[in-house]
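Reading through the structure tokens given below for one structure.
Read the figures in this text as sums done on the coordinates, not as results from a lab. Quick caveat: nothing in here was measured; it's all calculated off a predicted structure. Reconstructed Cβ throughout: ideal geometry from the backbone, glycine too, with neighbour counts over all protein chains shown.
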Amino acid sequence: MSFWWLNPLMKKGYEIPLEDKDMLLLHATDRVQNQYSMLMEKLNCRKQPPAHATPSFFWTIVSCHKRAIMVSGFFVLLKVLTLSTGPVILKAFINVSLGKGTFKYEGYALAALLFVCKCCESLSERQWYFRTRRLGLQVRSLLSAGIYKKQQKLSNGAKMKHSSGQIMNYVTVDAYRIGEFPYWFHQTWTTSVQLCIALAILYNAVGAAMISSLVVIILTILCNAPLARFQHKFQSKLMEAQDVRLKAMSESLVHMKVLKLYAWESHFKKVIEGLREVEYKWLSAFQLWRAYNSFLFWASPALVSVATFVTCYLLKIPLDASNVFTFVATLRLVQDPVRTMPDVIAVVIQAKVSFTRISKFLDAPELNEQVRKKYYGGIDYPIAMDSCSFSWDENTSKQTLKNINLAVKAGEKVAICGEVGSGKSTLLAAVLGEVPKT
């Protein structure tokens, strides 16, 4: 709870420079190989009948870490509940100062209760932050491992759809955004819980005037719906533009010698700058609509205050020190979730887009492992083809190689000769099982 286990390491780091051997070892659950093995086990279980043919990748990750999610959810709920006790205790303090206490030492009891609540709030908030960040690193590591393993088994048709730039983007951008999502995940429901508690306290303080606060919050959320749709659209376009730009960058770096030899630097520079302009256009559009969203939510607490006090004036609700100070203290409970909503919405949209992209990549066709047999000493012809036809594109009737007959004895050296474009590399790829057989 207090992270005391870091004290010896910090003390040693204060005395001498730390080395690799001084660092603490990762727990077994934090290691990449264990996380990846657990993910594949869950995926295989979900693919078995009568499960769905294409299991949800999101719910598979949730099932892998459901215990950690529930524990972190408990701490964030405890943090919200202890935070909400502040206005209630403040109102009780004011009543005690006005001589409305219920027992003799009520002031001391309230002070002790406030101290305990604030300690619980601080500890639960630290645990929530630590556990969600740790969970995010676990998810990010298993996604990176899954993408790396999948990239080694992609079929040639899938490689045409997922370029090297896109795969790099999956690891550096999409996996990172999904790794950030666990921290914001609980805020998708704690904001509603905190708002409901705040509205209940407001009703206890100002009565029917709370309805005006509720109306302002509902209108703010309704106005956010079209903004969220635009953000999702622009985020998808931004990721597509980023994929194209990264693909061009990686190709130019890999073939830098050719660019220098033919003096194509200026041309490729203009191409990449044009791709950056397209990416900047979608990035600026996304950030602009996010700014509109932030302005809407940041203005709502002030509108809530104005609407509530105007309603109190119109309904002639009496205002005294007790309910005014309680109302002002409760505004923080309203402000925090309302002001974090734009960030929560943006993170959810980014995570949704990233989950969709990575799910499509992990569901892409793989090389046919059935044609990749192990060699046994008793086989006379370890490589044998009889009237085989191959095509790089599985969805076309045009065949790259037709009616291939080949038999290679064990230990025999065979030379494949032919003109450029005659299919020598395709035949070798077919022997390795990398070209689909038609």
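On the beta carbon distance between SER37 and LYS398, with R0 = 45 Å, the FRET formula returns roughly 0.65. Between the amide H of ILE404 and those of SER387, CYS388, SER389, distances stay under 5 Å, these residues lying 5 or more places away or on another chain, with hydrogens modeled in the peptide plane. Can you give me the angle between helix 321-362 and the longest principal axis of the chain, using Cα atoms only, in degrees from 0 to 90, rounded to the nearest 10? Between helix and principal axis, roughly 10 degrees.
Other residues whose C-beta falls under 15 angstrom from the C-beta of ALA225 contribute a net charge of +3, scoring Lys and Arg +1 and Asp and Glu -1. The range 58-120 and the range 424-438 have Cα centres spaced 66 Å apart.
Each residue of the range 400-411 was assigned a 3J(HN,Hα) from its phi angle through the Karplus curve 6.51 cos²θ - 1.76 cosθ + 1.60 (θ = phi - 60°); the sequence is 6, 10, 10, 6, 8, 10, 8, 9, 10, 6, 5, x Hz, with glycine and proline shown as x. Using 0.36 nm per residue and subtracting the Cα-Cα separation, the extra length available between LEU314 and ALA111 on full extension is 69.5 nm.
If you take all other residues with their beta carbon under 12 Å from the beta carbon of ILE358, and give Lys and Arg +1 and Asp and Glu -1, the sum is +4. Shown for ILE94, ILE16, ILE61: other C-beta atoms within 10 Å of each C-beta, ranked fewest to most, produce the order ILE16, ILE94, ILE61.
Extension gain for LYS269 to SER422 (0.36 nm times residue separation, less C-alpha to C-alpha distance): 51.6 nm.
Residue by residue, the range 73-78 carries 3J(HN,Hα) couplings of x, 4, 5, 6, 5, 4 Hz when phi is fed to the Karplus relation 6.51 cos²θ - 1.76 cosθ + 1.60 (θ = phi - 60°); x denotes Gly or Pro. Note on SER97 and LEU253: the model spin-label points, each 7 Å out from Cα along the C-beta direction, lie 6.2 nm apart. Angle of helix 32-47 to the longest C-alpha principal axis of the chain, folded into 0 to 90 degrees and rounded to 10: 80°.
Considering helices alone, the calculated mean residue ellipticity of the chain at 222 nm is -24500 deg cm²/dmol, with DSSP H runs of length four and up weighted by -39500 (n - 2.57) and normalised per residue. Summing Lys and Arg as +1 and Asp and Glu as -1 over all other residues whose Cβ lies under 15 Å from the Cβ of SER144 gives a net charge of +3.
Within the straight-line cut-off of under 14 Å between alpha carbons, the aspartates and glutamates reachable from LYS150 are ASP363, GLU366, GLU369, sequence neighbours fewer than 8 places apart in one chain being disregarded. Highest-first packing order for the peptide set 109-120, 424-435 is 424-435, 109-120, based on the mean count of other beta carbon atoms within 10 Å. Quick one: angle between helix 210-254 and the longest Cα principal axis of the chain, in degrees between 0 and 90, rounded to 10, please. For 210-254 against the chain, the angle is about 30 degrees. Using R0 = 51 Å, the C-beta based FRET efficiency linking SER192 and LEU261 works out to 0.25. Computed from backbone phi, the HN-Hα couplings of the range 420-427 come to 5, x, 7, x, 5, 5, 5, 5 Hz, rounded to whole numbers (Karplus: 6.51 cos²θ - 1.76 cosθ + 1.60, θ = phi - 60°; Gly and Pro given as x). Students often get this wrong, so check it: of LYS161/LYS352; LYS42/LYS149; LYS149/LYS437; LYS42/LYS237, which have C-alpha atoms separated by over 26 Å? Listed pairs above 26 Å: LYS42/LYS237.
Among TYR105, TYR203, TYR170, the ranking by other beta carbons within 10 Å of each residue's beta carbon, starting with the fewest, stands as TYR105, TYR203, TYR170.
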